[in-house]
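The values are calculated or read from the model by the stated rules, or taken from the named source; none is laboratory data. What you are looking at is a predicted structure, and each value in this text was computed from that prediction instead of being measured. Note that we place each Cβ from the backbone using ideal geometry, even for glycine, and neighbour counts take in every protein chain shown. These accessible areas exclude ligands, DNA and RNA; they are computed on the full protein's heavy atoms, side chains included. Shrake-Rupley method; radii C 1.70, N 1.55, O 1.52, S 1.80 Å.
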Amino acid sequence: MNPAGRLIVVVLFEGVDLLDVTGPPEVFSLARRETEDAAGYEVLLAAATTGPVTTAAGVRVLPDVTFDDLSGRRIDTLLVPGAVEVDGRRRVRALTDPVVVEWVGRLAARTRRVTSVCVGAHVLAAAGLLDGKRATTHWSTARQLADEHPAVEVDADPIFIRDGDVWTGAGISSCLDLSLALVADDLGEAVALRVARQLVMYLKRPSGQSQFSVPLEQVATTRRVEDLRHHIMRHIAEPLTVADLAAHAHVSDRQLTRIFKTELGTTPYAYVESARVEVARQQLESTDATLERVAAACGFGTVDTLVRAFRRRLDTTPTEYRRRFRTVVNTHS
């Protein structure tokens, strides 16, 4: 492909998240620098008009072109950010502008690769671009996306997902991970890693990396569940069976399972495994403990159990995770 054809269009509209807009162009700019402009990326900000667009952060951004100006141009990558509203109970809801949705549908027809950042997936879904595809979005609006667009296979865990020529990203900061993955797809892993170093990122994160850790999951609304969560973290190395947790909460096994499903949207087993993986992640990142010690300290018991949990939760292995994310520089037993 001719590098000069790599036109990247970032969609703008009122209330858009600022980092969704500014993060990806920084990655593509660094890719050009790292390849002495051989990457050929040209980034344009497009909106319905060329008037200033006020982002959710209150910062105004000037579009380079209007959507209509792009009518005759072939687009390499269409990047769609998102916007949300938060009600008085701090509930988050993704917003979609019908005009923007219509234009995204039109532009996508002339685009090699369509991507969304964070809740921008809701715009792609509204335009019919995610039907029959697996996609992700910010964890706080994943249920909304699934409810409003049943034809979309929503997976709230990965930081980004590629399904054919459609890419979707999760949390706001993962726009950098998604953009690095796009660079790697175009120019190879070596260039993407050089860009990651310039961004002072440890490494380009794999798509299977979970977008949230246990503390960011749904907040419990009862003291009993909060007590259970703290109990799990304090006793993470212990068995923590359903019977153990039920006895701690002074409820029956069946009632405990119902409480977890209602309050946290998961089962006691799945929650405990997530908590163990979270603690193991932290140990792999910040210590040089052996996998045997990590498995024991986190309640997995064996390395094999630890590996299986990592594959389920993060689509990687503990060894690969440590190689990518460790922050310690010395190694000893």
Review point. Of the conditions (1) modelled with pLDDT of 95 or more; (2) touching a strand residue (DSSP E or B) at 6+ places or on another chain (Cβ under 6 Å), Gly58 fails just one. Which one is it?
Key: (2)
Exercise for review: Within the range 152-175, track down each residue that is of a type in the set (A, V, I, L, M, F, W, C), touching a Gly at 6+ places or on another chain (Cβ under 6 Å) and either open to solvent by 40 Å² or more (accessible area, probe 1.4 Å) or within 18 Å of Leu314 (Cα to Cα) (or both).
Suggested key: Phe160
Exercise for review: Would you tally the residues in the range 172-195 being of a type in the set (Gly, Ala, Ser), under 17 Å from the mean Cα position of the chain (by Cα) and part of a helix (DSSP H, G or I)?
Suggested key: 3
Exercise for review: Residue by residue through the range 1-34, note down the ones that are open to solvent by 30 Å² or more (accessible area, probe 1.4 Å) and more than 19 Å from the chain's Cα centre (by Cα).
Suggested key: Met1, Asn2, Pro3, Ala4, Gly5, Glu14, Ser29, Arg32, Arg33, Glu34
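For every residue, the table says whether it meets (1) out of contact with any Phe, Trp or Tyr (no Cβ under 8 Å at 6 or more places or on another chain); (2) in contact (Cβ under 8 Å) with a residue 40 or more places away in the chain.
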{"site": "Pro25", "(1), (2)": "yes, no"}
{"site": "Phe28", "(1), (2)": "no, yes"}
{"site": "Ala31", "(1), (2)": "no, yes"}
{"site": "Val53", "(1), (2)": "no, yes"}
{"site": "Pro63", "(1), (2)": "yes, yes"}
{"site": "Asp69", "(1), (2)": "yes, no"}
{"site": "Pro81", "(1), (2)": "yes, yes"}
{"site": "Leu95", "(1), (2)": "yes, yes"}
{"site": "Val100", "(1), (2)": "no, yes"}
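To keep it simple, each residue is scored yes or no on (1) within 24 Å of Arg162 (Cβ to Cβ); (2) surrounded by 17 or more Cβ atoms within 10 Å (Cβ to Cβ); (3) among the hydroxyl-bearing types (Ser, Thr, Tyr).
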residue: Val43; (1), (2), (3): yes, yes, no
residue: Ala47; (1), (2), (3): no, yes, no
residue: Thr54; (1), (2), (3): no, no, yes
residue: Thr66; (1), (2), (3): no, no, yes
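Select, from Ala146, Ala121, Ala135, Ala126, the only residue that is open to solvent by 20 Å² or more (accessible area, probe 1.4 Å), under 28 Å from Leu7 (Cβ atoms) and among the small types (Gly, Ala, Ser). Full working, then the answer.
Details: Ala146 fails: under 28 Å from Leu7 (Cβ atoms); Ala121 fails: open to solvent by 20 Å² or more (accessible area, probe 1.4 Å); Ala135 fails: open to solvent by 20 Å² or more (accessible area, probe 1.4 Å).
The conditions single out Ala126.
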